[in-house]
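Student: I have a structure here, written as structure tokens, and I will follow up with some questions on it.
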């Protein structure tokens, strides 16, 4: 939604806002579920039953096709791989012959990465959980493949698109009028999706969320797991009964804490299912009905490397995604870490098992007005601004946030600062001080990781 439409939306009545969301979703899902979506859903669903050796052979074929496509259609890769004999890249094991790319490389070369005109692509702006927001472009078939993978995965757990779903993600859909009325949701009438604000969950509002959930009676809950956990925890603490029986809770965007999952399962009386991907298009790691996480080979390549970028069983991951034809990702440092496993799962899915996945953490800042504001919602504060190369939020006092920004002086303007400030105000309220500090660099931690959020008052809150 662009800024002009957002202004219209803000002044529209609640019913018209819901109709606007319904129309927006209809147009979006027409693209997501159009074209060859049904073919790809059957393809990915049946592929999980194939033997591992066959899946690896298919993955290597897809890799060769994807590399050829990228070099032929992306001027960045044509130049980046100049002098490299690509005929030597016959399998996943040969990828070490190619250089690694990172977010800064994409940010500064996005037009050269593109393989299709922007007006014929789907533009996705990532939140940037490693400190910089990034816009990438997908072909229509890329998007159809990704939704086909997700839907075929979810259907294993009883999910059917169009059933009542409560969605908890970082969408800025509420107005001050909604907040005054303690109405923390908006509706898609066509696809039975109720979008709940994840910006306003706290001790004083939890009752209204839980009452509304009891009234809506969704079959599935999807979204940021910590937000759903917070509601479950408060329902338990306040002795508020859940009066409906959901089929599943699907965790997205954050790392799922096993202890939080136990609380959610106890309160909502259903299973919590985990899944990993990324807005920029990483390959999928999906949970199976036996509880194991499987790396979906046909969605791309996940290389696990140590600090020297050498192959390892546990470490940082480099992703090559077969569903990023618009902005190809090849050996891309996404910032997450995994630990591989030699375990063989008893389920029919023959894709490799991932023992542990980390990187999407539970960091937050705190507002007296709004409560805890978690990483995915903080990462979206720069979504509409241009020229932000990296940023970090530091909280040393309850009533003040310091936002360090590495800016591109040729692009970033006062208007961009104003847009970022508006996003922070939406999340933190009017009483919290928000100070911008412009720096040339944001140093990493001793662990080598970048922290978007540094909260030094957790001991006062938790």
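Student: Against the definition (without any contact (Cβ under 8 Å) to a residue 60 or more places away in the chain, farther than 25 Å from residue 147 by Cβ and touching a helix residue (DSSP H, G or I) at 6+ places or on another chain (Cβ under 7 Å)), how does residue 236 come out, yes or no?
Tutor: Yes, satisfied.
Student: Select from segment 160-184 the residues that are surrounded by fewer than 20 Cβ atoms within 10 Å (Cβ to Cβ), in contact with a strand residue (DSSP E or B) (Cβ under 7 Å, 6 or more places away or on another chain) and at pLDDT 95 or above and list them in ascending order.
Tutor: 163
Student: Answer with yes or no whether residue 354 is within 28 Å of residue 229 (Cα to Cα), outside the structural domain of residue 457 (by TED's automatic domain parsing), surrounded by 20 or more Cβ atoms within 10 Å (Cβ to Cβ) and touching a residue at least 60 places away in the same chain (Cβ under 8 Å).
Tutor: The answer is yes for residue 354.
Student: Looking at the structure I just gave you, is residue 307 assigned by TED's automatic domain parsing to the domain that holds residue 92, part of a strand (DSSP E or B) and either more than 19 Å from the chain's Cα centre (by Cα) or modelled with pLDDT under 90 (or both)?
Tutor: no
Student: Condition (residue is under 25 Å from residue 69 (Cα atoms) and buried (at least 18 other Cβ atoms within 10 Å of the Cβ)) applied to segment 308-316: is it met by at least one residue?
Tutor: Looking for residues that are under 25 Å from residue 69 (Cα atoms) and buried (at least 18 other Cβ atoms within 10 Å of the Cβ), one finds none in segment 308-316, hence no.
Student: If you scan segment 391-412, which residues turn out to be loosely packed, with under 14 Cβ neighbours inside 10 Å and more than 15 Å from residue 367 (Cβ to Cβ)?
Tutor: Selection gives 408, 409, 410, 411.
Student: Still on this model: Quick check on segment 352-365: of everything there that is modelled with pLDDT under 90 and not in a strand (DSSP E or B), which residue is nearest to residue 303 (Cα to Cα)?
Tutor: Across segment 352-365, the extreme among qualifying residues is 359.
Student: Which members of segment 107-127 meet the condition of being part of a helix (DSSP H, G or I), under 22 Å from the mean Cα position of the chain (by Cα) and at pLDDT 90 or above?
Tutor: 113 - this is the single residue of segment 107-127 that is part of a helix (DSSP H, G or I), under 22 Å from the mean Cα position of the chain (by Cα) and at pLDDT 90 or above.
Student: With the checklist (1) in a helix (DSSP H, G or I); (2) surrounded by fewer than 18 Cβ atoms within 10 Å (Cβ to Cβ); (3) out of contact with any strand residue (DSSP E or B) (no Cβ under 7 Å at 6 or more places or on another chain) in hand, flag the one item residue 44 doesn't pass.
Tutor: Result: residue 44 fails condition (2) only.
Student: For residue 78, indicate whether it is out of contact with any strand residue (DSSP E or B) (no Cβ under 6 Å at 6 or more places or on another chain), within 29 Å of residue 386 (Cβ to Cβ), loosely packed, with under 15 Cβ neighbours inside 10 Å and modelled with pLDDT of 90 or more.
Tutor: Yes, satisfied.
Student: Another question, then. Say we look at segment 169-197 and pick out the residues that are farther than 22 Å from residue 30 by Cα and assigned to a strand (DSSP E or B); which of these is farthest from the chain's Cα centre (by Cα)?
Tutor: 185
Matching residues to (1) in the same structural domain as residue 311 (by TED's automatic domain parsing); (2) modelled with pLDDT under 95:
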| site | (1), (2) |
| --- | --- |
| 9 | no, yes |
| 47 | yes, yes |
| 54 | yes, no |
| 66 | yes, no |
| 88 | yes, yes |
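Student: Would you mind stating whether residue 95 is part of a helix (DSSP H, G or I), touching a strand residue (DSSP E or B) at 6+ places or on another chain (Cβ under 8 Å) and over 14 Å from residue 330 (Cα atoms)?
Tutor: Judged against the criteria, residue 95 is not a match.
The values are calculated or read from the model by the stated rules, or taken from the named source; none is laboratory data. Values in this document were obtained by computation on a predicted structure and should not be read as measured data. Positions of Cβ are generated from backbone atoms using ideal geometry, with glycine treated the same way; all protein chains shown enter the neighbour counts.
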